[in-house]
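Read the structure below first, then the notes.
The values are calculated or read from the model by the stated rules, or taken from the named source; none is laboratory data. Note that this is a predicted model, so its numbers are computed, not measured. Here Cβ is always computed from backbone atoms with ideal geometry, including for glycine, and neighbour counts include all displayed protein chains.
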Amino acid sequence: MYSKLLSNDDQAIRIPEWFANVQLAYENFLFKDNLQLQAGIDFHWRSDYTALGYAPAIQQYYVQDDFVSPAFPLVDVF
């Protein structure tokens with residue numbers, strides 16, 4: 001999924017430009033439909049972006065430009 005903000009002049013809204021969510025699964029009923037089996041893999045990825053910072057002392061999010069949240073995959077096998 002591609003996401004692009006049309007107007008964000010003050011850079012207050014920060015979201016990744018690319019998202020990917022994929023699931024590959026197999027499902028079947030076993031033992032005369034008494035046991036449901038589901039197995040597969042779930043994959044999530046987003047592009048790197050400059051996320052909002054968080055100040056725990058005042059419990060507030062703020063706009064920061066120092067740290068870029070890197071892109072990495074999340075994989076769940078079930």
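Of all residues in the range 59-78, those that are within 30 Å of ILE41 (Cα to Cα) have Cβ atoms under 8 Å from Cβ atoms of residues that are polar (S, T, N, Q), 6 or more apart or on another chain, in VAL68/THR50; SER69/THR50; ALA71/SER47; PHE78/GLN38. Scanning the range 13-27 for residues that are at pLDDT below 95 and over 13 Å from the mean Cα position of the chain (by Cα), we see that the one that is surrounded by the fewest Cβ atoms within 10 Å (Cβ to Cβ) is ILE13.
Per this entry, ARG46 is not counted among residues that are at pLDDT below 90, basic (Lys, Arg) and within 21 Å of the chain's Cα centre (by Cα). The listed residues are ASP10, ASP48, ASP66, and the only one of them that is surrounded by 10 or more Cβ atoms within 10 Å (Cβ to Cβ) and of a type in the set (Asp, Glu) turns out to be ASP48.
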